[in-house]
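What follows is one structure encoded as structure tokens, with my remarks underneath.
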Amino acid sequence: MVEFSSTNKYIATDGLIEAVNASIKLEKPLLIKGEPGTGKTKLAEEIASKLGTAILKWNVKSTTKANQGLYEYDAVSRLRDSQLGDSKVEDVANYIKKGVLWQAFHSKKKPVLLIDEIDKADIEFPNDLLQELDAMEFFVYETGETISARQRPIVV
């Protein structure tokens with residue numbers, strides 16, 4: 001397995017390198033704190049680059065809800081389509097938009113999942129994701145299916 005280290009575009013301290021590699025090896029999320037412009041987002045990009053994997057970015061805002069990272073159900077479009085007689089309304093899955101966690105869980109190769117600006121979200125936002133990130137699965141109520149991760153993404 002390739003380990004993270006400084007790159008041509010990112011110089012990391014020994015402590016940061018150790019923290020990143022421990023997070024990867026232990027398969028636990030890595031919380032990076034720092035002032036704006038100090039390279040927190042760049043770190044996730046460089047981890048993905050160094051490990052030769054994809055990066056999935058979830059840019060969080062003050063209005064973002066944790067379940068949006070799982071999936072969103074578009075009931076309004078389904079209602080409109082039913083009024084228009086569209087046959088696709090029979091399958092509720094046509095109205096499920098996969099969130100970034102769903103995409104990360106179903107990636108063929110272990111991706112880096114960057115949950116960026118998490119501090120801008122509601123105070124309960126991180127707690128609302130703990131179960132899904134720990135169990136690496138979640139339930140889609142509309143379809144009755146459980147979405148399980150193929151492998152744990154590297155969460156930053």
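To keep it simple, each residue is scored yes or no on (1) of a type in the set (A, V, I, L, M); (2) touching a residue at least 24 places away in the same chain (Cβ under 8 Å).
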site	(1), (2)
Gly15	no, no
Val20	yes, yes
Leu30	yes, yes
Gly34	no, no
Gly37	no, no
Lys42	no, yes
Ser49	no, yes
Gly52	no, yes
Ile55	yes, yes
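Condition check ((1) closer than 30 Å to Pro36 by Cα; (2) exposed (fewer than 12 other Cβ atoms within 10 Å of the Cβ); (3) in contact (Cβ under 8 Å) with a residue 60 or more places away in the chain) across all residues:
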position: Ser82; (1), (2), (3): no, no, no
position: Asp91; (1), (2), (3): no, yes, no
position: Lys109; (1), (2), (3): no, yes, no
position: Leu113; (1), (2), (3): yes, no, no
position: Gln151; (1), (2), (3): no, no, no
Quick check on segment 130-149: of everything there that is under 22 Å from Asp74 (Cβ atoms) and hydrophobic (A, V, I, L, M, F, W, C), which residue is surrounded by the fewest Cβ atoms within 10 Å (Cβ to Cβ)? Phe139
For Ala121, indicate whether it is at pLDDT 90 or above and either buried (at least 17 other Cβ atoms within 10 Å of the Cβ) or touching a helix residue (DSSP H, G or I) at 6+ places or on another chain (Cβ under 9 Å) (or both). no
Index of the failed condition, Phe4 passing every other in (1) surrounded by 14 or more Cβ atoms within 10 Å (Cβ to Cβ); (2) part of a loop (DSSP other than H, G, I, E, B); (3) free of Cβ contacts under 8 Å to residues at least 12 places away in the same chain; (4) not charged (D, E, K, R): (3)
For segment 16-36, what are the residues that are assigned to a helix (DSSP H, G or I), under 11 Å from Arg152 (Cα atoms) and either open to solvent by less than 40 Å² (accessible area, probe 1.4 Å) or of a type in the set (Asp, Glu) (or both)? Ile24
Test Val100 against the criterion of being within 17 Å of Lys28 (Cα to Cα), modelled with pLDDT of 95 or more, under 11 Å from the mean Cα position of the chain (by Cα) and of a type in the set (Val, Ile, Thr), and give yes or no. no
Selected residue (criterion: farthest from Pro153 (Cα to Cα)) from residues of segment 43-69 that are open to solvent by 70 Å² or more (accessible area, probe 1.4 Å) and of a type outside the set (S, T, N, Q): Lys61
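The values are calculated or read from the model by the stated rules, or taken from the named source; none is laboratory data. Quantities reported herein were computed from a predicted structural model and do not represent experimental measurements. Reconstructed Cβ throughout: ideal geometry from the backbone, glycine too, with neighbour counts over all protein chains shown. Note: accessible area is taken over every heavy atom of the protein model, side chains too, but ligands, DNA and RNA are not part of it. Shrake-Rupley method; radii C 1.70, N 1.55, O 1.52, S 1.80 Å.
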